[in-house]
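Structure first, then comments.
Here, each number is a calculation from the coordinates, and none is a lab measurement. Keep in mind that this is a model prediction, so the values were computed, not measured. Methodologically, a virtual Cβ is constructed for each residue, glycine included, from the backbone with ideal geometry; neighbour enumeration extends over all protein chains shown.
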Amino acid sequence: MSEKEPLFSPKNLKLLKEPLNDNNPITVQVLGICAALAITVQIKPSIVMALSVLAVLSISNVVISLLRKLIPPRIRIIVQLVVIATMVILVDQILQAYAFEVSKQLSVFVGLIITNCLIMGRLEGFAMANKPWPAFLDGLGNAAGFGMMLIIVAFFRELLGSGTIYGYQVIPESFYDAGYANNGLMILPPMALVVVGIIIWIQRGRNRKLIEEN
């Protein structure tokens with residue numbers, strides 16, 4: 001009888017750690033860029049979106065993993081979409097009930113989690129072939145890596161674009177008298193791409209494993 005694998009074995013811990021750096025969904029896999037463009041003007045909605053994706057991806061991964069042997073191959077994508085849509089509706093209803101203002105800020109982007117290629121990719125590429133616990137860790141890790149990048153991008157865009165962090169004024173009003181003016185360019189969607197590009201550049205400069213060989 002084989003010995004049972006520990007819950008947090010090196011293999012399982014790798015599922016949590018890799019998406020935070022070596023296999024980050026945004027900077028390495030280049031998935032979920034639309035969310036990075038749309039909702040990173042401020043930190044607060046970025047945190048809420050990160051938590052929403054965390055809930056949807058981790059739970060959906062577990063559900064699909066539990067059903068993987070029962071799902072006919074021909075309709076697996078439809079089943080995955082139904083599971084994701086159900087989770088997104090639940091998350092959206094919770095946000096409307098307990099964080100209505102943030103829900104209005106996020107607008108349709110919560111609903112668009114259904115079509116997030118990161119979530120579909122993890123369900124199809126991992127949950128369909130693995131047991132529930134690894135699937136949960138994979139969802140948790142990838143959602144954490146995705147959310148981390150949203151918050152980092154939002155931090156710089158809000159700070160440089162509005163002079164605030166999480167809605168609190170950080171750059172004093174006296175700076176305006178010294179010639180400082182909020183950089184309105186930073187709150188425009190294209191600047192999210194610029195910030196992500198700079199992060200990718202820094203990340204690949206520090207982690208040589210990510211540099212593609214010619």
Reported label for calculated mean projected area of the Cα convex hull in nm² given (i) 16.4; (ii) 15.7; (iii) 10.6: (ii)
Straight distance only, please: which lysines reach the Cα of residue 209 with their own Cα at less than 28 Å, same-chain residues fewer than 8 apart left out? 11, 14, 17
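Do you know the relative contact order of the stretch 26-210, to the nearest whole percent, from alpha carbon pairs under 8 angstrom that are 6+ apart?
About 36 percent, as a whole number.
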Order these peptides, 35-41, 91-97, by their mean beta-carbon neighbour count within 10 angstrom, highest first. 35-41, 91-97
Using alpha-carbon positions, the gyration tensor of the stretch 23-103 gives root eigenvalues a ≥ b ≥ c; with a/c under 1.5 called rounded, otherwise prolate if a/b exceeds b/c, else oblate, the class is oblate
Fewest-first sequence of 138, 22 by Cβ atoms within 10 Å of each Cβ: 22, 138
Sequence-distant lysines (8 or more away, or on other chains) whose Cα lies within less than 21 Å of residue 44: 104
When the charge dipole of the stretch 26-210 is computed with +1 at the Cβ of Lys and Arg and -1 at the Cβ of Asp and Glu, the Cα pointing farthest to the positive end, of 33, 60, 202, is that of 60
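Sorted from fewest to most neighbouring beta carbons within 10 Å, what does the list 114, 84 look like?
Numbers: 114 17, 84 23.
So the ranking, lowest neighbour count to highest, is 114, 84.
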Environment charge at residue 68 (Cβ cut-off 14 Å; Lys +1, Arg +1, Asp -1, Glu -1): +2
Farthest positive-ward along the chain dipole, Cα basis, beta-carbon charges - from 156, 89, 47: 89
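Among 43, 71, 198, 113, rank each residue by its count of other Cβ atoms within 10 Å, from fewest to most, as a rough exposure measure.
Result, fewest neighbours first: 198, 71, 43, 113.
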On a full-extension model of 0.36 nm per residue, what is the gain between residue 124 and residue 22, subtracting their alpha-carbon distance, rounded to one decimal in nm? 34.7 nm
About the Cα centre, and with charges only on the beta carbon of Lys, Arg (+1) and Asp, Glu (-1), how big is the dipole of the stretch 1-50? Nearest 20 debye, please. 120 debye
Using only the alpha-carbon atoms, how far is helix 189-206 inclined from the longest principal axis of the chain? Give it as 0 to 90 degrees, nearest 10. 70 degrees
Want the number for residue 67 to residue 86: 0.36 nm per residue separation, take away the alpha-carbon distance, what's left? 5.3 nm
Simple SL model, points at 7 angstrom along Cα→Cβ for residue 99 and residue 7; separation in nm is 2.6 nm
List the residues, sorted by chain then number, that are 5 or more residues from residue 24 or on another chain and whose placed amide H is less than 5 Å from its amide H. 29
